[in-house]
Each structure stands twice: as structure tokens, then as C-alpha cells.
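Let me begin by presenting the structure, written as C-alpha cells, before commenting on it.
Readers should treat all values here as calculations from the given coordinates under stated rules, not as data from a laboratory. Everything numeric in this text was worked out from a predicted model, so none of it was measured. Every residue, glycine among them, receives a Cβ derived from its backbone with ideal geometry; neighbour counts consider all protein chains shown.
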Amino acid sequence: MQNILIISPISIAGELILKGFYEGFLKLGHKVDFVDVRELKNYESKNEPDFILCYDYGYLILQDAFLKVKKFLEKNKNLKLIHYFADDPFSNYALSSNDSLIQTFKNLLLDCSNNIELYFWDEKFLNSFSEKEGKFFPLCVNCDKYKDWDLEKKYDITFVGRPLGGNREEILAQVVKQFKNKLKIFSYPKHFEKSVELMKKFLNEEELKCYKDCFSGYICEQEELSRIYNSSKINLNINLQGENSLNFRTFEVLSSKGFLLQDKRGDVQKLGLFDTLVEYDDKKDLIEKITYYLDKHDEREKIALRARKLTCEHYNILSRAGEILNIVE
């Protein structure tokens with residue numbers, strides 16, 4: 001049994017991902033503390049951690065949290081600090097708009113190289129830091145939380161997440177133009193409000209009203225998210241980060257036995273997911289595939305059934321959580 005401290009970041013996706021590891025470590029019999037980074041300065045435990053798991057630069061953003069981690073490293077020379085990057089380590093998503101964190105992190109790598117392990121969800125970034133080589137660890141999901149609820153398909157097209165960044169605004173605008181009120185967006189309210197302003201360059205006044213009507217609220221609980229995926233005819237996913245990698249939303253939808261339509265990514269083939277989802281090439285291809293699959297219930301069901309089965313067999317975080325420790329050991 002290991003003593004594991006998980007530092008939950010100020011990140012919606014990061015928190016969900018680390019919650020999955022938390023459940024997985026508990027199932028394996030480890031002692032695990034799950035602590036919000038904003039509360040880390042007050043964290044006390046009878047047993048010093050053997051492992052600390054963090055997401056991106058989570059604890060580096062707050063100085064008191066960073067000092068707490070350094071204190072742990074100074075007290076225990078055998079402690080392993082595991083950094084799991086699920087965003088581009090040089091983007092605002094990981095850095096929270098604070099570029100100085102890169103140098104802080106590099107300094108820590110130089111000082112504590114033997115105590116730190118780097119994991120990346122995208123192989124492109126394995127050599128991002130000359131101070132330490134990284135390892136590839138694709139995302140996975142808690143299949144006990146994201147599951148087949150066998151719900152009626154009450155949503156036509158859903159998009160869950162931040163409707164901002166990359167070409168998301170342009171793509172969602174095209175969906176609104178073609179399908180109007182068939183699109184539902186579940187998003188953090190502030191992110192949606194910001195997207196409304198950006199949509200003005202893609203949509204006319206009437207279309208912008210349709211877009212505003214797409215907003216369906218904010219959902220953060222895993223079971224509720226899973227129910228949305230399970231009750232949607234088409235779940236639309238637009239990856240932002242990485243080059244070939246798949247974001248967390250991919251595995252959430254697949255595990256929920258949801259039908260997933262997303263942009264092309266190399267890891268779909270690499271991870272054996274080629275027959276569990278449908279990919280689109282460009283906006284024209286996306287519209288054509290939405291039009292086709294909206295009325296193809298049986299085809300969607302067959303693909304979604306394969307998705308649920310394969311995800312549970314190979315990308316269930318409850319069984320894979322131990323791997324991130326085994327590689328270190």
C-alpha cells in the first residue's frame with residue numbers, strides 16, 4: 001500500500017481526470033488524499049506521501065502550494081512527484097497565462113530530477129523538457145461513473161465544454177446555420193457568454209439568437225455528464241490541445257455508450273478506436289455526416305456499443321491507475 005497525495009487543480013477537466021485516478025488508487029487499496037490546490041497550504045497528514053500526483057502546472061500557480069510540495073520533497077528523498085500533462089505544456093491552458101511557470105518548473109526539474117516523473121497524453125511533447133524525458137500515458141475514464149444509462153435520445157446534437165478556442169466558434173456557427181435549434185451546448189456560463197461575442201463575426205442577428213438558445217446550462221457532475229452523452233443522438237467533439245491526441249471528452253462519451261463525431265486525430269488509429277467513433281475532415285464533411293447520422297439510429301447504436309465495450313476493456317482508469325505507479329516503480 002502506498003500513501004498518495006493528489007493535488008486537484010483549478011481546472012474543470014483536470015479535477016475530473018484526477019478524480020478518476022483517486023477512485024482507481026482507492027480500488028487498488030492505496031491510501032489516498034484528494035486535496036484542492038487552494039487548500040494545500042493547510043493540508044496535514046499523519047503519513048508522509050510516497051507519491052504526489054498533479055495535473056499540468058496546477059500547484060505551481062499558487063506560491064504557498066508550491067512551497068508545500070517543495071517541503072515534502074526536502075523531507076522525503078524517495079518521494080515521487082508525478083506530473084501528468086493533458087494540455088500543451090507551453091499553452092495558456094496549462095500555464096494559466098503565466099509564462100514564468102515554465103522556468104520555475106525547469107528549475108525544479110534540475111533540482112529534483114530523480115524525484116520527478118513526467119507523463120504526457122500526447123507523444124509530441126515527450127521531449128518538451130531537456131531536463132527530463134517524458135512518458136506517454138493516454139487519457140482514460142472512470143467507467144463506473146460514465147456508463148450506459150439506456151436513455152431515450154432526447155438531444156439531437158450536443159456539445160459539452162468550452163465553446164472557445166481554435167476553430168470551435170467557426171465550427172459551432174456552421175452547425176447552428178445548418179441545424180438551428182437541434183444543437184444544445186452545455187458549458188460554463190462565462191465561457192458561453194464570451195463565445196456569444198465572438199460568434200457575431202460568423203452569425204447574423206437571427207442566427208445569433210438561435211445560438212443563444214442553444215445554451216443548456218452547466219453540468220460538472222460525472223454521472224450527469226454521462227447521462228447527457230448517453231441521451232444524445234450525436235455528441236460533437238472538437239479537440240483543441242495536442243497534435244494527435246484525444247481529449248478527455250472522447251473517453252467520457254465512448255464510455256457512456258454515446259455516439260461520437262469528432263475531428264480527425266492520429267491516436268484514434270493508434271489506440272484502436274477506429275470503429276468506435278466517426279471522424280470528420282472539415283466543416284463540409286461535418287455537416288454531411290451530421291445530416292446522415294441523425295436518422296441512422298441502428299448504425300449509431302452499433303458504433304456506440306463497440307465504444308462502450310472497448311473503453312471499459314482498455315481505457316478504464318480504475319484498472320489503469322496502477323500503471324502510472326508501476327512505471328515509476
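Listed values, structure above:
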read-out: Within-13-Å neighbourhood charge of Lys302 [Cβ basis; K, R +1; D, E -1]; value: +2
read-out: Efficiency of FRET between Asn78 and Lys27 - r from beta-carbon atoms, R0 35 angstrom, step 0.05; value: 0.90
read-out: Rounded FRET efficiency, nearest 0.05, which uses the C-beta distance separating Ile12 from Glu197 and R0 of 22 Å; value: 0.55
read-out: Charge tally in the Cβ shell below 12 Å around Phe34, where Lys, Arg are +1 and Asp, Glu are -1, Phe34 excluded; value: -3
read-out: Ranked by how many other beta carbons lie within 10 Å on average, peptides 304-310, 224-230 from highest; value: 224-230, 304-310
read-out: Gained length - Asp275 relative to Gln2, 0.36 nm times residue gap less alpha-carbon distance; value: 94.5 nm
read-out: Spacing of the two label points (7 Å from each Cα toward its C-beta) at Asn98 and Glu170, in nm; value: 3.3
read-out: Net charge over other residues, Cβ less than 13 angstrom from the Cβ of Glu133 (K, R count +1; D, E count -1); value: -1
read-out: Highest to lowest packing among 288-297, 121-130, scored as the average C-beta count within 10 Å; value: 121-130, 288-297
read-out: Packing-based order for 33-41, 82-90, using average beta carbon neighbours within 10 Å, highest first; value: 82-90, 33-41
